[in-house]
Amino acid sequence: MPKDLNSLRMRAERNGQHISGAERLLPTDDLAAAAIDLLQRALQHPRGDVDRISLSIEVVPSLELTTGALPDLYNNQVASWQQGRELALQLLESAGISAVAGRKALAALARGAAPGGRSMRGAMLIDADSGERLERDQARGVRVSRMDLSAAAKRQLRQLLLPHSLDDPHVIEALTLAAKVSAAPGIIAELCWSDDPDYLAGYVASAALGYQRINLLKPAGEERGGRAFFVRPSQVRLDELISWLEKTPLLFEQVGRVHGPKTYRGER
């Protein structure tokens with residue numbers, strides 16, 4: 001009989017600004033070690049010291065748990081972050097996002113999508129045709145939560161990533177979050193790059209495209225980053241979508257393929 005799991009979440013702040021966050025879905029026996037790991041991550045984050053760390057634990061009954069499979073990962077290599085954003089726009093358009101909406105999302109992430117030019121705590125919701133922002137709170141956005149890999153799936157994924165030099169917590173956690181977003185009802189595509197100043201990669205993801213990792217999507221040292229989720233408001237109930245992203249527990253028990261590097265040479 002399946003056992004209940006626990007949703008363990010960490011959030012770290014400085015002066016009320018989000019610095020770091022992470023979460024796990026795991027058995028009770030693994031809680032202590034995982035909590036220590038997340039605490040150390042908050043204390044050693046490259047964005048500097050924090051003045052507030054929150055850890056929360058919530059039981060997830062086995063009957064509420066949904067399982068799924070990770071998408072394939074494609075490893076796109078570009079020569080510059082400008083080229084990376086060019087490729088991101090092309091991928092978004094191939095996923096059905098208008099050029100206007102793609103450019104608006106890129107511009108918002110680049111200048112800081114939260115008020116005052118800061119990174120949001122969550123993700124933007126973007127109209128896939130007009131580029132209009134749909135989230136109610138432009139500082140908080142939409143917070144995707146309650147997802148993880150099973151222990152067996154994580155071991156298998158790390159074995160697949162290792163030959164490509166991608167066995168990194170950034171990659172594993174981003175792929176896991178993107179997999180939940182792509183599985184959400186009404187999501188067309190996602191654009192993301194990190195707000196960590198020393199992690200320059202990002203991705204475009206969708207159910208059709210899989211997880212399209214791009215090695216450079218921002219300049220070195222840039223702390224502004226975030227996520228944009230593209231939807232068509234006429235085709236989705238936003239309240240139900242947000243509730244699914246934030247509250248539905250999803251454990252990935254199967255992994256996809258990891259494809260070798262593909263060099264993007266820019267528009268000709």
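A simple spin-label model places the labels of Asp137 and Ala107 2.7 nm from each other, with each point 7 Å out along Cα-to-Cβ. Rg and Dmax of segment 34-86, based on Cα coordinates, read 18.5, 47 Å.
At 20 °C and 1.002 mPa s, grab the translational diffusion coefficient of segment 122-255 from Stokes-Einstein with a Kirkwood Rh over Cα pairs, rounded to a whole number in µm² per second. Walk me through the numbers before you get to the answer.
Numbers: Rh = 15.5 Å.
Answer from the Stokes-Einstein relation: 138 µm²/s.
Determine the sum of side-chain charges near Ser206: Lys and Arg each +1, Asp and Glu each -1, restricted to other residues whose C-beta is under 14 angstrom from that of Ser206. So the environment of Ser206 carries a net charge of +1.
With all pairs of separate Cα atoms included, the chain yields a Kirkwood hydrodynamic radius of 18.8 Å.
Carbon-plus-sulfur accessible fraction, the chain (probe radius 1.4 Å, protein heavy atoms only): 48%. Distance from the Cα centroid of segment 138-186 to that of segment 1-64 is 15 Å (rounded to whole angstrom).
When you restrict to C-alpha pairs under 8 Å that are six or more residues apart and normalise by the size of segment 191-233, the relative contact order lands at 45 percent. Among 97-109, 184-196, the peptide with the highest mean count of other Cβ atoms within 10 Å heads the list, and the full ranking is 184-196, 97-109. Shape descriptor for segment 157-223: Rg over Rh equals 0.98 (Cα atoms; Rh from the Kirkwood inverse mean 1/r). Report summary: the helix-based calculation at 222 nm, which adds -39500 (n - 2.57) for every DSSP H run with n ≥ 4 and divides by the residues of the chain, gives -9000 deg cm²/dmol. Taking all Cα pairs closer than 8 Å and separated by 6 or more residues, the relative contact order of the chain comes to 27 percent.
Antiparallel DSSP bridges in the chain: what percent, to the nearest 5?
Working: 35 of 56 bridges.
Around 60 percent of the beta bridges assigned by DSSP in the chain are antiparallel ones.
Ordering Ala183, Ser7, Gly221 by Cα displacement along the dipole of the chain toward the positive end leaves Gly221 in first place; charges were set at the Cβ atoms of Lys, Arg (+1) and Asp, Glu (-1). Just how far, in whole angstrom, is segment 85-133 from segment 233-257 if you go by their alpha carbon centroids? Cα centroid to Cα centroid, the span is 19 Å.
Placing +1 on the Cβ of every Lys and Arg and -1 on the Cβ of every Asp and Glu, with no other charges, gives the chain a dipole of roughly 460 debye about its Cα centre. Among Ile19, Ser80, Gln40, whose Cα sits farthest toward the positive end of the charge dipole of the chain (+1 at Cβ of Lys/Arg, -1 at Cβ of Asp/Glu, about the Cα centre)? Most positive-ward Cα: Ser80.
Tell me, what is the percent relative contact order of segment 33-165, built from C-alpha pairs under 8 Å that lie six or more residues apart? Reported relative contact order: 13 percent. For the pair Leu162 and Asp30, label points projected 7 Å from Cα toward Cβ lie 1.8 nm apart.
In debye to the nearest 20, how big a dipole does segment 69-228 give about its Cα centre with +1 on each Lys and Arg Cβ and -1 on each Asp and Glu Cβ? All intermediate terms of the calculation are to be shown ahead of the outcome.
On the way: 19 positive and 18 negative charges, 65 e Å.
The dipole magnitude comes to about 320 debye.
Count Lys and Arg as plus one, Asp and Glu as minus one, and take only other residues whose Cβ is under 12 Å from that of Asp137; the net charge is then +4.
Just so you know, the Rg over Rh for segment 1-44 is 1.09, from Cα atoms, with Rh as the Kirkwood radius.
The values are calculated or read from the model by the stated rules, or taken from the named source; none is laboratory data. What you see is a predicted model; the values in this text were computed from it and never measured. Reconstructed Cβ throughout: ideal geometry from the backbone, glycine too, with neighbour counts over all protein chains shown. Side chains included, ligands, DNA and RNA excluded: accessible areas come from the protein's heavy atoms. Shrake-Rupley method; radii C 1.70, N 1.55, O 1.52, S 1.80 Å.
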